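Enquirer: This structure is in structure tokens; I'll ask about it shortly.
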Amino acid sequence: MSALRHLGPGYACNTFDYSTRTPAEDGLPTYRDWIEVFRKSIPTFKAHALTDKTVPEAGREVAAERFAAEFTAALDALLAHPTQPAPGYPASQPLNCFNLCQLREDVLHAAGFTDIFADVKAAESARALALLPGVCAELDGAGGLAEQFGLALRGVFAGNIFDLGAAASAELHAAGGVSFAATRDKLLPRPWAVDDFDQVLALVAAAEQRVRPAASASSSASAPASASAAAGSPAAAFAPPAQPLLWRKAALFVDNAGPDVVLGMMPLARLLVKMGAEVLLMANRGATINDITAAELGPLLAAAAAAEPAGPLGWGVGSGRLRVVCSGSDMPVIDLSRLSEEAVAATADCDLVVLEGMGRAIETNLNCRLTCDSMKLGMIKHPEVAALLGGRMYDCVCRYHPGSESSTGTAAAAAAAAGTGVTTAAVGAV
């Protein structure tokens, strides 16, 4: 495993240090609360383990009980001795989100389970794929690039509610789920827990102002075939701008299967392709919770591209400018210093990194700064996270950090600001 080449000095992936917080008058969560967060996930994991057809039916219930009992015992041990590893699991120290996620995965694997959410991932992804053309058509008709980008980001937040690793959102799914469109339209009012939304849109608007003729031509040429057909005219083939409007190459670290990746991150990737960027969809190597894997995402992206062969998705996949890359991770969180060699090589020349989801972008990596531009996008689904960020349950996190080295994005924004009235402070503020 190797490190992302854009990491700054002193990189540490965990956002919250569980081990140093002791009970205090501020009432904020301590390691005890975090251990209980993981304990609350046991019923959902056990229920899905009982449906895992890769484990023989005769032994499945015993294996599920073994997982529940052993994970409970490991958490009890950490609660009693918070500076010592759980017996049999030396990697469970120090106490932090990454290590507790690893502990749960280790206990699951020891019980014989490798992908207990496989069926629900496949079903939710198929349902979302049928809705994707409509979501893309809506984005294309949303106005200029800044308006489209804002709607795409709201779609990322809405899709991210499909998270079976958090007790609250797992209960929502078990009760019948929630509509993507309704969730997007009813996001909590701003300001959000972390809210750099305006800065991101100012960045896009500034670049659009700088190259408005090219951006307008690209936008009009990229309407999906379904939208053009509905208007009674043949679809125009997508043509990318001659030069990237903002970023040259973006790496998007995706999260969950279903509406999260299909209706949230794919439309964002598609919009970046429209803006002239090469886009990498970075997905897990191994299964964990309901997170999408690279092996699962490849066919989904191909199906999405086939649905609009003349549009940005079809062009992007066909040209190789939009593709899936295996991150090398098998966790719902991510340590950017532990990526696959493939991921490190593919992202070496990126000037934008997007981390998405509560695990990858909030509970890890929220505060890390990279040498290239970065965004951290996700929805808060743990009350403990909400408390530490001064936010609300189902609040949004939209963090933008300009790169510490000169990048296409920041350079374009500065140049555009000089002639459009968009201030550099508004564009680059953190």
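The values are calculated or read from the model by the stated rules, or taken from the named source; none is laboratory data. Since the model is a prediction, treat every value here as computed from it, not as a measurement. Here Cβ is always computed from backbone atoms with ideal geometry, including for glycine, and neighbour counts include all displayed protein chains. Side chains included, ligands, DNA and RNA excluded: accessible areas come from the protein's heavy atoms. Shrake-Rupley method; radii C 1.70, N 1.55, O 1.52, S 1.80 Å.
Enquirer: So between L7 and A242, what do we pick up on full extension, going 0.36 nm a residue minus the alpha carbon distance?
Expert: Stretched fully, the L7-A242 segment lengthens by 81.6 nm.
Enquirer: Could I ask something else about it? Between E138 and A306, what is the FRET efficiency for a Förster distance of 30 Å, r being their Cβ-Cβ separation, to the nearest 0.05?
Expert: That pair, E138 with A306, gives E of 0.90.
Enquirer: Still on this structure, please answer the following. List the residues whose amide H sits under 5 Å from the amide H of A193, counting only those 5 or more places along or on another chain, with H placed 1.01 Å from N in the peptide plane.
Expert: Those qualifying (amide H under 5 Å, at least 5 residues apart or on another chain) are R392, C396.
Enquirer: Still on this structure, I have one more. Leaving out ligands and nucleic acids, and using a 1.4 Å probe, what accessible area per residue does the range 31-114 come to in Å²?
Expert: Per residue, the range 31-114 has 46 Å² of solvent-accessible surface.
Enquirer: Protein chains only, probe 1.4 Å: how do L268, L300 rank by accessible area, largest first?
Expert: L300, L268
Enquirer: Greater than 22 Å separation of Cα atoms is the criterion. Which listed pairs, K46/K381; K40/K376; K121/K274, meet it? Intermediate results must be reported in sequence, preceding the final value.
Expert: On the way: K46/K381 20 Å; K40/K376 26 Å; K121/K274 28 Å.
Long pairs (Cα-Cα over 22 Å): K40/K376; K121/K274.
Enquirer: Return the inverse of the average 1/r over all pairs of distinct C-alpha atoms in the range 277-394, which is the Kirkwood hydrodynamic radius, in Å to one decimal. All intermediate terms of the calculation are to be shown ahead of the outcome.
Expert: Numbers: mean 1/r = 0.0644 Å⁻¹.
Computed over the range 277-394, the radius equals 15.5 Å.
Enquirer: If the only charges are +1 at each Lys and Arg Cβ and -1 at each Asp and Glu Cβ, what is the size of the charge dipole of the range 358-406 around the Cα centre, to the nearest 20 debye?
Expert: In debye, rounded to 20, the range 358-406 gives about 80.
Enquirer: How much FRET efficiency would the formula 1/(1 + (r/R0)^6) give for S404 and A295, where r is the Cβ-Cβ distance and R0 is 41 Å, rounded to 0.05?
Expert: Efficiency at R0 = 41 Å is approximately 0.75.
Enquirer: Tell me, what is the FRET efficiency for D119 and E341 to the nearest 0.05, using R0 = 30 angstrom and their Cβ-Cβ distance as r?
Expert: 0.40
Enquirer: Once fully extended, how much extra length lies between L188 and D330, figured as 0.36 nm per residue of separation less the alpha-carbon to alpha-carbon distance?
Expert: 48.0 nm
Enquirer: P(r) for the range 262-337, please, calculated from all Cα pair distances in 5 Å bins and given in %.
Expert: Values per bin, smallest distances first: 3, 17, 26, 24, 15, 10, 4, 0.
Enquirer: Which sequence of D140, D76 reflects their accessible areas, 1.4 Å probe, from the largest down?
Expert: The ordering from most to least exposed comes out as D76, D140.
Enquirer: Give me the one-decimal Kirkwood hydrodynamic radius in Å for the range 31-114, with the sum taken over alpha-carbon pairs.
Expert: So the Kirkwood estimate lands at 12.9 Å.
Enquirer: Which percent of the accessible area of the range 31-114 is formed by carbon and sulfur heavy atoms (probe 1.4 angstrom)?
Expert: That fraction is 60 percent.
Enquirer: Here's another thing I want to ask about it. Order C396, C326 by their accessible area, 1.4 angstrom probe, all chains in place, largest first.
Expert: So the residues, ranked largest to smallest area, are C326, C396.
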